[in-house]
Amino acid sequence: MKNDQLQQLRYKLQKRVRRLNSTDYQIFHYALKQFWGFVQSYPILIGIIEELEKTKEHIDKEVEKLFSSEQTIVFDNELENAAACCFILKRCVKSNNDMIEVNIASHYSHETNFNNILESFKDIFLEPFYDYLDEHLDDTRTILSVVQKYKRMIEWFKRESLFNLWVNDTQKGEKNLALNLYEYLYDQGIEFYIEPSSVSGEIDLISSQIGEDRLLVDAKIFNPQKGKGKDYILSGFNQLYTYAVDYNESVGYLIIFKTCKESLSFSLEDKAHHTPYYSHNNKTIFFVIIDLYQYEESASKRGILETIEIIPSDLSNKLN
């Protein structure tokens, strides 16, 4: 996202938080719902939130204590506190109780006036969440939103050129597409370092990186006719998960370039997220499908295409 667009989004976000902070308890709940709707309308904010939620997924169990048994929760770690704030706001937005925010804040406040109690909610939960979003808008760790932007750019404007990159050299096509992806990520300001001797050879773009931190983004082709079908994607998932374990990283991203007519679908349990993912043992792998196939007919005339489905048991069995 360009600097001027980023600043415009930052201004819009700031303005809506300011408006929310000036709202009294009678309408705060509905104003919070509107605020959450605004946040969900921007892919970069969705990416920041989804990465935060999956990186600190276990925090949601702590948040449940606040809602079910009214136990107060406090975190010394800023990242965990931001995740808790996110989960709390999300639960409040889903609630039909228009006093839920006051009820939650009352466990932290000695005030009796509802508006004064609500101020505690804003200070403890809303402001830290806003700070986290604002600080990460131009943070290179928001990989998911950048990858989603790459997907839209390729499918809208460069589908044919990348399809030809695969067709013209299917032996090296996957590596060439992976290099295109990494070049884009680097151009977006995401820093990573690859061994100089590896750049021109048959490299693994993750294992060839220098330093303790690895950018766990890998690319795979989906094309059953070329021997790169469901099992191939599952093997790619297992490989990326293994990297996450080896390098002690909590999140990885499997980018799947679809170069065939058949569809690929991830029917996973959590459908609320915009990007399908699978979590196991505190490691989360996101799946992003980029369709490169050159269709002869428009979407309305293609009819029903064969769909190859990947379900949770397919992924879990691959890890056993």
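The numbers here are math on the coordinates, done by the rules we state, and not lab data. None of the values given here were measured: they were computed from a predicted structure. Glycine also receives a Cβ, built like all others from the backbone with ideal geometry; neighbour counts cover every protein chain displayed.
Please turn the phi angles of the range 124-133 into ³J(HN,Hα) values with the Karplus equation 6.51 cos²θ - 1.76 cosθ + 1.60 (θ = phi - 60°), one per residue in order, whole Hz, x for glycine and proline.
Each residue's phi maps through the Karplus curve to give 7, 10, 5, 5, x, 5, 4, 4, 5, 4 Hz.
Counting alpha carbon pairs within less than 8 Å and at least 6 residues apart, what relative contact order, in whole percent, applies to the chain?
Here the relative contact order equals 15 percent.
Rank-order 170-183, 115-128 by packing density, defined as the average count of other C-beta atoms within 10 Å over each peptide's residues, highest first.
115-128, 170-183
Amide H of G252: which non-local residues (sequence gap of 5 or more, or other chain) have their own amide H closer than 5 Å, using H built in the peptide plane?
Residues meeting the amide H criterion: T284, I285, F286.
Checking the table K230/K261; K220/K318; K149/K283; K151/K226 against a 20 Å threshold on Cα-Cα, which pairs fail?
The pairs that break the limit, which is 20 Å between Cα atoms, are K149/K283; K151/K226.
Which value in deg cm²/dmol, rounded to the nearest 500, describes the helix-derived mean residue ellipticity at 222 nm for the chain, given -39,500 (n - 2.57) per DSSP H run of n ≥ 4 and division by the residue count?
Result for the chain, helices only: -16000 deg cm²/dmol.
May I ask which residue of Q7, G229, I190 lies farthest towards the positive end of the charge dipole of the chain, with charges of +1 (Lys, Arg) and -1 (Asp, Glu) on Cβ and the Cα centre as origin?
With unit charges placed on the Cβ atoms, the residue in question is G229.
Calculate the tail of P(r) for the chain: the fraction of all Cα-Cα distances greater than 36 Å, expressed in %.
Everything past 36 Å amounts to 27 percent.
For the range 143-319, what percent of Cα pairs sit more than 21 Å apart?
Percentage above 21 Å: 49.
For the range 1-69 and the range 96-175, what is the separation of their C-alpha centers, rounded to whole Å?
The range 1-69 and the range 96-175 have Cα centres spaced 8 Å from each other.
Using only the Cα atoms, what convex hull volume per residue in Å³ does the range 20-167 have?
135
Using only Cα atoms, tell me the angle between helix 59-68 and the longest principal axis of the chain; keep it within 0 to 90° and round to the nearest 10.
Its long axis makes an angle of about 30 degrees.
For the range 3-136, calculate the relative contact order in percent as a whole number, restricting contacts to Cα pairs under 8 Å that are 6 or more residues apart.
Reported as a whole number, the value is 28 percent.
Among 260-268, 153-161, what's the highest-first ranking by average C-beta atoms within 10 angstrom per residue?
260-268, 153-161
Provide the packing ranking of 215-227, 7-19, i.e. peptides ordered by the mean count of other C-beta atoms within 10 Å per residue, highest first.
So the peptides 215-227, 7-19, ranked by packing, come out 215-227, 7-19.
If Lys and Arg each add +1 and Asp and Glu each add -1, what is the summed charge of the other residues whose beta carbon sits under 9 Å from the beta carbon of I255?
+1
Can you list residues from other chains, or at least 5 along the same chain, whose modelled amide H is less than 5 Å from the amide H of F266?
I310
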